Every structure is written in structure tokens, then in C-alpha cells.
Amino acid sequence: MLRHGFLTLALVLALGGMFRPKSGRTAFVCGPQVSDMEQLGKARKGLYRELRERTDLTQIIFMGDLVMDDAGLLAPTAATLDSLPCPWLCVPGDHDRDFYKRAASLRPGKALPARERDFSSFRKRLHGEDTTWMAGGIRWIILNNIRTLPRRQVREEQDASLYRGNDYIGGLNGRQKAWLENLLKTVPPKRPVVLCTHIPLNRCAGADSLGRILTLHPDIRQICCVPSDDDGILSVSDHGGICILDHKSGRWME
């Protein structure tokens, strides 16, 4: 059993077709936070095997933290995901970042500055951090809302509503906000939007501007890995059960 466990959350969507309704099923997976090859082997025999043997899934979205602070495991993980029977995508999680140890200096008593963590390996082994695609008449969006900051700056942050770690907070930069705003302006009002992030957007920096952007479309469902205070945001965590949303004829049926 992996240390942090994992949970597969199935989201059932009945998708409208041109002549008759079609149905699709998306599995959302939080974790599994593997920290070494032994744990990856257990995940291959457990979680990934279970997903590979399912015949009812049309796509799988991993909600972040495929690994536990060892980006070197992303490549063998991606090779395993390629064996899944349907398309898969990944939301960047805070533990999926590269970790750079402080380098030693040739001068006694000195040390070169450590490089801040980033998603270099994630981008190389998986895909871009911000992604959008169409599937079954639904506009799907993945956003990377992990903002790496100096630890001192995180400690001095006064907004208690923000979700934060030792060296990051939840949030989007200006480029991402502009991209999301321009994208939502192009989505027809009757087309549902599913927005996937690791951290709920209502616990991110700049929540007011994000809220304004989200009002640009009348039918957005947010899905995240970290628990949210907003009942309207579906959280995929290792403490929940299976939650199902049905989409029929352009309407969400809860």
C-alpha cells in the first residue's frame, strides 16, 4: 500500500451526439505520490493495473502528485501511463516539481545558491502545464496553479485563505489569466467547461480576478485534488468516496 494511498474517482458524463445521446466516462485519480521504484512497482500492480483493465473509460485525468518529490520517476511513470487503454492527461502537482539540491562551491565556507523548484521534467516527460482539449462536446481545461516562491515570502504572506506549502502558494500568473480569459470568451455558452487544477481556485492568490474570469462562462465545473471550502468544487482526495456527475442534453444533472 502506498504511503499516501490513492483514490480513483469516476466522473460519468452522458454526452450529447448529433443524432442520439452518447456517453463517456472519465476517471479522476489523485496521487499516487510514489517516492521510489519499489512504490512505482506497487502502483503498477495495483492502481495502474486496475485502470488498464477497465473497459468503460474514455479518458483518465491524474489530478497531480504522480510522484513524491522525485521528478526522475516521471519518465517511467509516463511509460506506464502509455499502456492505459484510453487517452490520459495530468494536472501538475506540487510534488511533481524538480528538486535541486544546493550545490557545493570550490571556495571553503561558501555555497552556490540553490535553484528554485520547477516543472522542467514534467514538461519534458508529460505535456505542457496548461492544456485544453475537446472531448464529447465538453471543453476541458488543465491549469498549473502551483506558484513556487521563496520560503520567506510564503511565511510572510498574510492572506490566511490561501493554500500554501513550504515554498509555494496556489495561484495563476498574468499570462495564465489572460490565456484562460481569452479561451473562455471563445467557448459557446451552451458548451460545458470542466476546469481541472491541483488546488481549488478559490484558495489561490488573486481570487477576485479569477472569479471575474470564471463568470465569463455560465457552465463551468471545477475539479481539484486539494479539499475546497466551496461545495460547488468537486475535490478528488484520498479521503473521499466516488462522486458522479451526469451531463445530459447540455445540462448538468447532480
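The values are calculated or read from the model by the stated rules, or taken from the named source; none is laboratory data. Because the structure is predicted, anything quoted here is derived from the model rather than measured. Cβ: placed from backbone, ideal geometry, glycine included. Neighbour counts: every protein chain shown. Ligands, DNA and RNA are excluded from the accessible area calculation, which covers all protein heavy atoms including side chains. Shrake-Rupley method; radii C 1.70, N 1.55, O 1.52, S 1.80 Å.
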*Provide the packing ranking of 192-203, 123-134, i.e. peptides ordered by the mean count of other C-beta atoms within 10 Å per residue, highest first.*
192-203, 123-134
*Determine the shape class of segment 114-170: with a ≥ b ≥ c the square roots of the Cα gyration tensor eigenvalues, call it rounded for a/c under 1.5, and otherwise prolate if a/b is greater than b/c, oblate otherwise.*
oblate
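Diagonalise the Cα gyration tensor of segment 35-165 and give the resulting equivalent ellipsoid semi-axes, square root of 5 times each eigenvalue, largest first, whole Å.
32, 20, 13
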*Where does the charge balance sit around D130 when Lys and Arg score +1, Asp and Glu -1, over other residues with C-beta under 14 Å from its C-beta?*
+3
*Roll a 1.4 Å probe over the protein chains and send me the accessible area per residue for segment 88-205 in Å².*
52
*Could I have the simple spin-label model distance between W179 and A114, label points 7 Å from Cα toward Cβ, reported in nm to one decimal?*
2.7
